[in-house]
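Have a look at the structure below, then the notes.
Readers should treat all values here as calculations from the given coordinates under stated rules, not as data from a laboratory. In this text the structure is predicted, and so the values were computed from the model without any measurement. For neighbour counting, all protein chains shown are included, and Cβ atoms are generated from backbone atoms with ideal geometry for every residue, glycine included.
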Amino acid sequence: MHHRTRYLFDRTLARSTGTLLGWLALCCLAIVVPVSALLVWTDPAAPPSLSGRLTQVWRTSAETLRLGAATGAPLRMLLSVLLGLIALLCVSTVVGVVTTSLGDRLTELRRGRSRILEHDHTVVLGWSDQIFTLVAELIAARPAGARHVITILADRDPAAMETALTTALGAAVGVRLECRTGSPTDPDSLALVTPGTARTVTVLPAEDADGDLTVVRTLLALRTLLDAENGPRVVAAVRDGRHLPAARLAAGPRGTVLETDRTTARLLLQTAGHPGMSSVLRDLLDFSGAEFHVIGIPQAAGLTFEDMALRLETSCAVGLLRADGPPLLTPAPWTVLEPGDRLVTVAHDDRPVPLTDRRAQVDASAVAPPRPRPGPPSRLLLLGWNRRAPLIVDILRRTARPGSVLDVVTAEDTGPPPNRTPGREHPSPLRVAHRTGDPAAPETLSGLDLGAYDSVIALGADQETCPERSDGRTLLNLLTLRSWEERTHRVLPVVAEMHDHRSRRIAPLGHASDVVLRGELTALLMAQIVHDPELAAVFEEIFAVRGGALALRTADHYVLPGRETSFATVVAAALGRDECAIGYRAHDPHTLRPHHSVQLCPAKSERRVWSAEDEILVLTPGRSEPGTPGPGRYALPGMRPERGEGDSPPSVPEAGVSP
């Protein structure tokens, strides 16, 4: 009976607006009239007669309903009610118009279609997983006490964007996030964030299959709003290197375009050769510790680069920035600084650097003599296949030592092409073997001799093909490999590729395992360039295909093991090999993660006993070092367009690999 009554009531309300108003009037009268009568009958000053009390009930009810309180003849009372209804209708109409206007305005504001009028703000165009790293670094790079506005334009709900950022990053004092909705490829939508008055504009790669085309269209749309000569710096990223020349052309002379997929591929290989290398690069490129700076030291003119490197107590010199030329990284120790030259350093801040001569701290007797260090060919296992897998195979084919082996396991019959390097007539020195099977299944890995591999790379699915489960298969791979480690009591270096930073927190990593977040290094580089545009040329040299390379090398390459000596001795030994030492990693087998404790920019006067297992973080000129153990030290991808000569010139092979 209850449900039937409610059903009839709902049907009655749904008939028309008049029916709804009738029910509303009936409900009001059913409440107001009895309550008014109760008030009158309980009032000691109420009229004694029944007619007087009924008149008082009418007045109380009419005043409550704003219908007028005239008494007398019925016609007079009806006219009073009519006037009250007309007044109520007019007031309700005015209230409705005002409410609707305010509601429409609030809806428009929530839609993020209002124009931002700011100066020297940072504009971020697009939305991807890299935005969390980028915005976090932009907030960290803000000077203490300074206020800054970060505007984000993407084809998403602005409230959802702001909620996602504040949830992941928290609220930052002095930083205001302004999110606007619209397509970054539309000049009218771009005008909402006023890019012409911004300090920098950052274009993130989209997640869909045509993300690079969206970046190119966005850069072309920006050209319609920005001054090519005096506009803000533009920093963008594409995933596919084939779109790099077009993106650079669209970005113009004040633009810098990075490549995401090749960056991730090289970082995976670099971390495979040196567990924990990804965390080293995060420490070096984020704003929470030491990072790259370009500083001017007027009193340095006339000194050699070695003299300056040994006069910086708590920062490390890695190169020079000439006034009329490109950066000169890892220069010869006897290179003389000229007036107007600036130093490229790694330091904890960009404050003026005090000079203290530490040449007396150098113990020449503790410097290790240079010697060749031959090593065996490498053996690598690649689990899974995605858009970056062909880049990994291509880099290995161009840089591996003869006799090296790459085993590829994929769930489908998709794998590397035949064992031949593109552009070469002779076969590649890398032998590639492919087998089909589920990389996460224990029975698939049981047929492999895991203990024979130098390292394992577990690739995740591409985000655009499998957005919900892109990290799920990688976590299963890690669990299977971790189970093998616990069962055999052996350590297996594993590098896992993931896209969600939350997946890294729950990844079951072993002692020599690490996680590489795709696009994270590119986001860090973008944040550094946004903060200091001069670093674009520096990073181009550091991470270019033919430039220098960051590497971790054992301490016995520079100093004699078991000797107590200063870090200045390590710096001097590295300079003698045309390298720049910028930190070290002490070997501690008793820690849970011995590969994740790098000391950047230690004091030159710091003394310690160096063991053969300690590692020195150096910036190298990119020359070969035959026989380096492991898969080799791979330079990270550059920001220069490739011209088909390979990942390194024939006369200067990459560090740690044979040509």
Could you let me know the centre-to-centre spacing of the stretch 174-236 and the stretch 336-373, using Cα atoms, in angstrom? 41
The set of residues whose placed amide H lies less than 5 Å from the amide H of V408, leaving out same-chain residues fewer than 5 positions away, is L382, A433, H434, R435
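Based on the mean of other Cβ atoms within 10 Å per residue, sort peptides 506-516, 428-438 so the most packed one is first. Walk me through the numbers before you get to the answer.
On the way: 506-516: 19.8, 428-438: 17.4.
Per-residue Cβ counts within 10 Å, averaged per peptide and sorted highest first, yield 506-516, 428-438.
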Residue by residue, what Karplus-based ³J(HN,Hα) values in Hz, rounded to whole numbers, does the stretch 120-131 have, using 6.51, -1.76 and 1.60 with θ = phi - 60° and x for Gly and Pro? 6, 9, 9, 9, 10, 10, x, 9, 7, 5, 6, 5
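Going by average Cβ density within 10 Å per residue, which order do the peptides 534-543, 350-359 take, highest to lowest?
On the way: 534-543: 20.9, 350-359: 14.0.
Output ranking for 534-543, 350-359: 534-543, 350-359.
Only sites in a loop by DSSP and with at most 11 other Cβ atoms within 10 Å count here; which trypsin sites (Lys or Arg not before Pro) in the stretch 480-554 make the cut? Don't skip to the end; give the middle numbers.
On the way: sites: R482, R487, R490, R502, R504, R505, R518, R546, R553; in loops: R490, R518, R546.
Those satisfying the criteria are R490.
Which length gain, in nm to one decimal place, applies between L26 and A168 when the Cα-Cα distance is subtracted from 0.36 nm times their residue separation? Show your work: numbers first, answer last.
Details: separation 142, 0.36 × 142 = 51.12 nm, distance 5.18 nm.
Extra length from L26 to A168 when fully extended: 45.9 nm.
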Scalar couplings 3J(HN,Hα) for the stretch 357-366 by Karplus 6.51 cos²θ - 1.76 cosθ + 1.60 (θ = phi - 60°), nearest whole Hz, x for Gly and Pro, are 5, 10, 5, 5, 7, 7, 9, 4, 6, 8
For the pair D208/R371, report the inter-label distance in nm, with labels modelled 7 Å from Cα in the Cβ direction. 6.1
FRET efficiency estimate (nearest 0.05) - Cβ-Cβ, Q299 to A441, R0 51 angstrom: 0.20
Order the peptides 383-389, 42-48, 240-246 from the highest to the lowest mean number of other Cβ atoms within 10 Å of their residues. 383-389, 240-246, 42-48
Here, A159 and D532, labelled 7 Å along Cα→Cβ, have an inter-label distance in nm of 4.2
Return the FRET efficiency for the residue pair W334, A452: r is the Cβ-Cβ distance, R0 is 51 Å, and the value is rounded to the nearest 0.05. 0.65
Using a simple spin-label model with points 7 Å from Cα along the Cα→Cβ vector, what separation in nm is obtained for T488 and R147? 6.1
Difference of contour (0.36 nm per residue) and Cα-Cα distance, T197 to N230: 10.9 nm
